[in-house]
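So the structure is just underneath, and the comments pick up after that.
No lab work stands behind these numbers, since they all come straight from the coordinates. Just so it is clear, the model here is predicted, and its values are computed rather than measured.
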Amino acid sequence: MSGSGGSGSGGSGGFLTEPLKPGRIALYALLLVVGAVVGIAGALLQSAWFPGGLLLALLGSTGLFYGGVRLTGTRGGAFAGGAGWLVAVMLLTSTRPEGDFVFGAGVGSYLYLLGGMALAVMCATLGLPAQPARPAARLGK
């Protein structure tokens, strides 16, 4: 499942230019769910083994975002995974009525929140590898 880039500027992806097929919708939904799972796992891991857990959580998030781009062939793959990650992480930042919360006020929590958002944006905006130049005419003629 890869979208065509259109222009030769590194491929803007076909996220909004191609019709959405059921398989593509299912892939984006899967990335959304996996993004939420990675966000929850990273939130628990980053504080458990600071600084190694923070680095591992950020590496896992980066793998999700960049893997989404490569899997879908569009920048929307990073957007879908990042949206799931962001929703899960933002829900975990709020306190519960009992006063419990997942994120503390330490520097690791802020690095995970801001670093994860920055990595999602970087993976989505760096784009796809450039498409090889196509010849002006078909080779068989």
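3J(HN,Hα) couplings calculated from phi for region 37-43 with the Karplus curve 6.51 cos²θ - 1.76 cosθ + 1.60 (θ = phi - 60°) are, in sequence order, 5, 5, x, 5, 5, x, 5 Hz; Gly and Pro show x. How would you classify region 22-70 from its alpha-carbon gyration tensor, with a ≥ b ≥ c the square roots of the eigenvalues: rounded for a/c under 1.5, else prolate if a/b is greater than b/c, otherwise oblate? Because a/c hits 1.5 or more and a/b fails to exceed b/c, region 22-70 counts as oblate.
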